[in-house]
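What follows is a short report on a single structure.
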2 protein chains.
Amino acid sequence: MVSCCFVKCQMWECIFQNSHFSDFMDKQTGYVTRNLLATPIVMGKEVLAVFMAVNKVDASEFSKQDEEVFSKYLSFVSIILKLHHTNYLYNIESRRSQILMWSANKVFEELTDVERQFHKALYTVRTYLNCERYSIGLLDMTKEKEFYDEWPVKLGEVEPYKGPKTPDGREVIFYKIIDYILHGKEEIKVIPTPPTDHWTLVSGLPTYVAENGFICNMLNAPADEYFTFQKGPVDETGWVIKNVLSLPIVNKKEDIVGVATFYNRKDGKPFDEYDEHIAETLTQFLGWSLLNTDTYEKMNKLENRKDIAQEMLMNHTKATPDEIKSILKFKEKLNIDVIEDCEEKQLVTILKEDLPDPRTADLYEFRFSDLPITEHELIKCGLRLFFEINVVEKFKVPVEVLTRWMYTVRKGYRAVTYHNWRHGFNVGQTMFTLLMTGRLKKYYTDLEAFAMLAAAFCHDIDHRGTNNLYQMKSTSPLARLHGSSILERHHLEYSKTLLQDESLNIFQNLNKRQYETVIHLFEVAIIATDLALYFNCLFFRKRTMFQKIVDACEKMETEEEAIKYVTIDPTKKEIIMAMMMTACDLSAITKPWEVQSQVALLVANEFWEQGDLERTVLQQQPIPMMDRNKKDELPKLQVGFIDFVCTFVYKEFSRFHKEITPMLNGLQNNRVEWKSLADEYDEKMKVIEEMKKQEEGNTTEKAVEDSGGGGDDKKSKTCLML
Amino acid sequence: MVSCCFVKCQMWECIFQNSHFSDFMDKQTGYVTRNLLATPIVMGKEVLAVFMAVNKVDASEFSKQDEEVFSKYLSFVSIILKLHHTNYLYNIESRRSQILMWSANKVFEELTDVERQFHKALYTVRTYLNCERYSIGLLDMTKEKEFYDEWPVKLGEVEPYKGPKTPDGREVIFYKIIDYILHGKEEIKVIPTPPTDHWTLVSGLPTYVAENGFICNMLNAPADEYFTFQKGPVDETGWVIKNVLSLPIVNKKEDIVGVATFYNRKDGKPFDEYDEHIAETLTQFLGWSLLNTDTYEKMNKLENRKDIAQEMLMNHTKATPDEIKSILKFKEKLNIDVIEDCEEKQLVTILKEDLPDPRTADLYEFRFSDLPITEHELIKCGLRLFFEINVVEKFKVPVEVLTRWMYTVRKGYRAVTYHNWRHGFNVGQTMFTLLMTGRLKKYYTDLEAFAMLAAAFCHDIDHRGTNNLYQMKSTSPLARLHGSSILERHHLEYSKTLLQDESLNIFQNLNKRQYETVIHLFEVAIIATDLALYFNCLFFRKRTMFQKIVDACEKMETEEEAIKYVTIDPTKKEIIMAMMMTACDLSAITKPWEVQSQVALLVANEFWEQGDLERTVLQQQPIPMMDRNKKDELPKLQVGFIDFVCTFVYKEFSRFHKEITPMLNGLQNNRVEWKSLADEYDEKMKVIEEMKKQEEGNTTEKAVEDSGGGGDDKKSKTCLML
């Protein structure tokens, strides 16, 4: 017997009659080794074999010539051995990449929990594992106990846990074992909450691996003294444990999540370092892939939290029975308990009773003003408009649902300075007036008009009083969710969410196609209120689109021809509708001066509030329009707004339908007012400028004083005058 | 030259002087091939080489012996060749598994977007790719265009897109190219929105791959006629394209997400099938791993939606300035604008003015009833309790914040039958009374009492009128989020969320440690209201815990001793507090009979409503307690509830502190009342039973009639009498 000294160095031959020689084998066999020629076959750092020629015949020792022959012969032998070994290595690597590919294939199939993911991967790679049986033990990941479970311990009534713990401090508890049987008939056994004396656990090896995170390769398991594996058959199959390879499954946070144990290599040999390598690859991959199972859990939690918040939100925004009662007073009058019982016609009359007739006539006016009406009364006005366009009866809208929806929409608007329920209502009312008084209804079906009116009411729901740019700059969740038309997409989503609640779904009695039409119109109408789209896409780039339609209609001989020209093409109808939404959204600028001057201040104040936020929260200088310190420039900004944005809209609409001319007239009148204020301010500035110049001739100190507080005070007076 | 006929079959030798022989090479070189001995070296199905001996010397052709020598010699040569080839294969597989391992390592490092994920993986595996340069083109995944982008097309003003499309119908648009340079100095170039004439795209190959999903291996790229690769150097490095291997990256949904292109194998040879295999492995893995980037996007969306919903919810639940004004009327009286300006002492007086003194005294009573007080007034009462325990001044709670918090807590309770704001208030009031009148305060610091009172008010916030079991059975989002103590965890989470808003954070002026103490007490107090815990853990299993404390204290000589015994151990304080929460939660059962009888009906009604839901929504038979048809059994159930749950609590508390005895007395009095009603009902039942038996002697038909409608009517009368 030769002790192994070849491992580190490559030696071509050694003759041993020296201290390295051990007579162990001779003693065992009775054979007498006299002389010996030996050489290793080495590949890289690995000794593949040792060739020995023992006891030279006819001589007392091997000659130099013997050594040469031996060495030459080995050149050939070693190549064959190397081929064999390389092939073995190739096989290992091939199995390794197969295992990885199949595991990846399964892991990326879907997002799922630890158990399912491990099982899918482990089952798929079974043929590459080259063992008779393997099991996976899943560890309880609970780090902290509930406070009430710790009370008895803290009170000293129960002994604190002293058993094995994972390196991160968890108690080692295998909550499930999955046992894969490959020998004989393939079978999978799942053992939930396995007892500690289960054959997979009784040796203590999995617990040891979970405690220390070591890879353990037991070459002769039954003979092991530290771990006491079950000696006989483990179950009715008669299968016995011979060799065991056990590895921890560790996630990227270095927590031990489970233990994988492989039993009995298929060829009967013990597991070697390559087997360890393959098994480690698999467990490592499984461990890493826990990112996905963690994500799965996080995602479920997020989804649940989102659902919970949305349900709570709905609970808070949905009009309560009392609120509905505050609108539908007729219920008490008629002593009706279930609203569905009464006929719509009756209802219309009752609602008309509630709202005095002269006011209903007002609702048909472009010059209508919400200012004298309470927000609560506006809900009734809103309801009335649906009755006026005759859709309640036609589309079988339960009046209680319509009321609940209208009230809920009202509650959906926040109490911000301008983009509140009053604005929402005004846009709805203007849409109504454009359709009826402006006679644009003739291009649309009743269903479309219904959708357009409803969309108009919803178009700014849950507006926060700050614009899209502010959402982006403050990276609000809204901006992170929607890439463009941020607020508009939110208004749309909110509007659609309301309709998903059947008790709020005013379109509940439409068929599927009708409902889809409505939703599509909501999308187009609400997104179209993004003025940035107006600037970028709708009109400044393709200004021609609406204008062309108006041009074409202007040339038509008869109304019928124009109606046909528009209605035959859904795109034209959409473009007109989008433009109507813009006309509604900006309609405050067309109102009588006493209204416009008040509303313009609300708009301006909301802008200034945003400007304040930009200064304080974002630490940025607001643009002049939002800069409270430049409030005197409001008239000038208004003139610019009228000239560059509004005039086109109302001019084209007046050209399209002469009935809409009152809007253009209102606009032009307001332009005169704003222009005179702007001129007045310019004049005043000029005077101040000149005074400054004169004073500059005098002392410099005095000039500084003037342009400070004093000057500002004068400016704000101009503004308050509006 | 020999045409290749060895590929499919293994032949040891062939002599060609026949039709298979081609004189192409001879013509090229001028050499004359007269005879030829050739044999292939084959491994598996692959021809590794062909060995040829050409033109036998000294003879006209090769002899049989020549063939034998040739063949024998080849045995050795082929082994060396095979070793070489196996080694090559081993290298391939080894690179393959390395690429997979490294890609996996990066992919599972974190959840991130497509770009970052691809980049991390591709950069990490660069050394295994064995090419001079490679690039990845990322494709735009947009499937549908915005409606306004399609208008010009639909109107016929713009030509519809006719360029290349992916198999799933997207326009082929590479929105980004990442170009990895490995030759010379390593470098990475990122080309956002690359022009179509960029050298990586100009050939049309990536577009072709994106269109068809084929793997393309161009052995001699510059010579290709179909794709026109850039002939000269592509950039300032002087590098030129020789060979190109291009592959699609396909996700599990079979959408082509990008194209990976590898240029110039490092050894100058064209890419072979093994290179294709490796590259395919990589792109396949990258494609599969898109599950993670998709998940990342989904998760961000979910998170944003959750944040949006929670912000909206807060906006709806948080008390508005008007609501706060409705409580803090003194503001108007004192003409104070900023609440922080006024001193707390003044405030207390003013609040006392608002709430008449006799009523304040009521708040100290165990027999206090909320029934005569409006819900709005109860907010003021709640506020008062914080002043009474003197924590407002001590912990610098801004009165406006306290008011906003209290009002918001009130709004957080839903308008359900029993678990509404009135119940929330009552639990707070009982906690206050236990502390003050019951003198349990002596075990707790002011801070702890503050936390306990606040937690008591919050303990059932946002209760839905259905219990934990119902949440589980209906798999509500709440049940999916919380594994146990479902509603309690929700009440707790909601309470903590409120405190996260600084304008609601009544603990805003505590230091970090104090704040953590408060949060911990909230957790223990609110979770402890889960009666299931009471049954399972707190007392039936460990009933001894609270009892032992009471026993120990009973034996103490002095009050000081008892106080020390309790206060020295935080666990004892927690246990007493948990038991106090139970005593508060169940306190309705201790109220004067006229109150208890009313409240018991509210509880019962809420149960019956849940029972109705179980029948209609879950299609399950409710338990008797929740079964409206068994409403007559209420008195009996109440007696059982008193005996098995309540008596222990109030008996122990009365034993602990005799000041709490009024609660026990109230309980015992109510037991008498319930028992007599139960007995009455039993008596009535007995009579009916006997009548039935007598009638059974007569006709069977009549019996059926009796146990139906008539019997039920009588039962409900008994109940309404309560």
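The values are calculated or read from the model by the stated rules, or taken from the named source; none is laboratory data. Keep in mind the model is a prediction, meaning the values are calculated, not measured. Using ideal geometry, Cβ is built from the backbone for each residue, glycine included, and neighbour counts are taken over all protein chains shown. Heads up: the accessible areas ignore ligands, DNA and RNA and are worked out on the full protein's heavy atoms, side chains in. Shrake-Rupley method; radii C 1.70, N 1.55, O 1.52, S 1.80 Å.
For every residue, the table says whether it meets (1) surrounded by fewer than 19 Cβ atoms within 10 Å (Cβ to Cβ); (2) within 28 Å of residue B:466 (Cβ to Cβ).
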residue: B:421; (1), (2): no, yes
residue: B:425; (1), (2): no, yes
residue: B:428; (1), (2): no, yes
residue: B:436; (1), (2): yes, no
residue: B:444; (1), (2): no, no
residue: B:449; (1), (2): no, no
| Residues of segment B:493-507 being part of a helix (DSSP H, G or I) and either open to solvent by 20 Å² or more (accessible area, probe 1.4 Å) or away from chain A (no Cβ under 14 Å) (or both), which ones? | B:493, B:496, B:497, B:499, B:500, B:502, B:503, B:504
| said: For segment B:239-260, give me each residue that is open to solvent by less than 40 Å² (accessible area, probe 1.4 Å) and more than 22 Å from residue B:196 (Cβ to Cβ). | reply: B:243, B:251
| Among (1) among the β-branched types (Val, Ile, Thr); (2) within 14 Å of chain B (Cβ to nearest Cβ); (3) in contact with a Ser or Thr (Cβ under 7 Å, 6 or more places away or on another chain), which single condition is residue A:177 missing? | (2)
| message | If I filter segment B:377-384 for residues that are farther than 25 Å from residue B:592 by Cα, assigned to a helix (DSSP H, G or I), open to solvent by less than 30 Å² (accessible area, probe 1.4 Å) and out of contact with any helix residue (DSSP H, G or I) (no Cβ under 6 Å at 6 or more places or on another chain), do I get at least one hit? | response | no
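Kindly indicate whether residue A:690 is touching a residue at least 60 places away in the same chain (Cβ under 8 Å), out of contact with any strand residue (DSSP E or B) (no Cβ under 8 Å at 6 or more places or on another chain) and acidic (Asp, Glu). So that I can check it myself, show each step before the final result.
Numbers: touching a residue at least 60 places away in the same chain (Cβ under 8 Å): no; out of contact with any strand residue (DSSP E or B) (no Cβ under 8 Å at 6 or more places or on another chain): yes; acidic (Asp, Glu): yes.
Considered against the rule, which asks whether it is touching a residue at least 60 places away in the same chain (Cβ under 8 Å), out of contact with any strand residue (DSSP E or B) (no Cβ under 8 Å at 6 or more places or on another chain) and acidic (Asp, Glu), residue A:690 comes out as no.
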| Among (1) buried (at least 18 other Cβ atoms within 10 Å of the Cβ); (2) part of a helix (DSSP H, G or I), the one test that residue A:510 misses | (2)
| remark: Taking first residues from segment A:597-621 that are outside any helix (DSSP H, G or I) and second residues anywhere that are charged (D, E, K, R) and open to solvent by less than 70 Å² (accessible area, probe 1.4 Å), the pairs with Cβ under 8 Å that are 6 or more apart or on different chains are A:620/A:614; A:621/A:614; A:621/A:627
| request: State which residue is surrounded by the most Cβ atoms within 10 Å (Cβ to Cβ) when the search covers only segment B:271-292 and only residues that are within 12 Å of chain A (Cβ to nearest Cβ) and β-branched (Val, Ile, Thr). | output: B:278
| message | Please go through segment B:651-663 and give me each residue that is touching a residue at least 12 places away in the same chain (Cβ under 8 Å), over 45 Å from the mean Cα position of the chain (by Cα) and either surrounded by fewer than 16 Cβ atoms within 10 Å (Cβ to Cβ) or part of a helix (DSSP H, G or I) (or both), ordered by number. | response | B:655, B:659, B:662
| request: Please go through segment B:669-722 and pick out each residue that is of a type in the set (A, V, I, L, M, F, W, C), in contact with a Leu (Cβ under 9 Å, 6 or more places away or on another chain), at pLDDT below 90 and open to solvent by less than 70 Å² (accessible area, probe 1.4 Å). | output: B:719, B:722
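Taking segment A:555-588, which residues are away from chain B (no Cβ under 14 Å), assigned to a helix (DSSP H, G or I) and within 21 Å of residue A:455 (Cα to Cα)?
Correct list: A:567, A:580, A:583, A:584, A:585, A:587, A:588.
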| Do we have any residue at all in segment B:523-532 that's within 11 Å of chain A (Cβ to nearest Cβ), closer than 26 Å to residue B:319 by Cα and surrounded by fewer than 21 Cβ atoms within 10 Å (Cβ to Cβ)? | yes
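So which of A:597, A:587 is under 22 Å from residue A:525 (Cβ atoms), of a type in the set (S, T, N, Q) and surrounded by 14 or more Cβ atoms within 10 Å (Cβ to Cβ)? Please lay out each step first, then the result.
Numbers: A:597 fails: under 22 Å from residue A:525 (Cβ atoms).
Going through A:597, A:587 in turn, the sole match is A:587.
For segment B:162-181, indicate whether the set of residues that are without any contact (Cβ under 8 Å) to a residue 24 or more places away in the chain and open to solvent by 40 Å² or more (accessible area, probe 1.4 Å) is non-empty.
Scanning segment B:162-181 turns up at least one residue that is without any contact (Cβ under 8 Å) to a residue 24 or more places away in the chain and open to solvent by 40 Å² or more (accessible area, probe 1.4 Å).
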| request: May I ask you to list the residues in segment A:619-633 that are within 22 Å of residue A:532 (Cα to Cα) and open to solvent by 10 Å² or more (accessible area, probe 1.4 Å)? | output: A:620, A:621, A:623, A:624, A:625
| query | Out of all the residues in segment B:122-129, is one or more away from chain A (no Cβ under 13 Å), in contact with a strand residue (DSSP E or B) (Cβ under 9 Å, 6 or more places away or on another chain), open to solvent by 30 Å² or more (accessible area, probe 1.4 Å) and not hydroxyl-bearing (Ser, Thr, Tyr)? | reply | yes
| Of all residues in segment A:42-91, which are closer than 22 Å to residue B:77 by Cβ, open to solvent by less than 50 Å² (accessible area, probe 1.4 Å) and β-branched (Val, Ile, Thr)? | A:77, A:79, A:86
| request: Scan segment B:207-217 for residues that are open to solvent by less than 20 Å² (accessible area, probe 1.4 Å) and not small (Gly, Ala, Ser) and jot them down. | output: B:209, B:216
| note | Residues in segment A:182-206 that are open to solvent by 20 Å² or more (accessible area, probe 1.4 Å), of a type outside the set (Asp, Glu) and in contact with a strand residue (DSSP E or B) (Cβ under 8 Å, 6 or more places away or on another chain) total 9
| Close pairs from segment A:57-81: first within 14 Å of chain B (Cβ to nearest Cβ), partner among the small types (Gly, Ala, Ser) and exposed (fewer than 10 other Cβ atoms within 10 Å of the Cβ), Cβ under 7 Å, at least 6 apart | none
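Show me the helices (runs of 4 or more DSSP H) found entirely inside segment A:427-482 where at least 2 residues are free of Cβ contacts under 8 Å to residues at least 12 places away in the same chain and over 21 Å from residue A:570 (Cα atoms).
Fully inside segment A:427-482 and qualifying: A:477-481.
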| message | Every residue in segment A:268-315 that is touching a residue at least 40 places away in the same chain (Cβ under 8 Å) and in a loop (DSSP other than H, G, I, E, B), please. | response | A:270, A:271, A:289
| Do we have any residue at all in segment B:92-106 that's more than 10 Å from every other protein chain (Cβ to nearest Cβ) and either without any contact (Cβ under 8 Å) to a residue 24 or more places away in the chain or open to solvent by 30 Å² or more (accessible area, probe 1.4 Å) (or both)? | yes
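Residue-by-condition table, conditions (1) within 34 Å of the chain's Cα centre (by Cα); (2) within 14 Å of chain B (Cβ to nearest Cβ):
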position	(1), (2)
A:399	no, no
A:410	yes, yes
A:428	yes, no
A:431	no, no
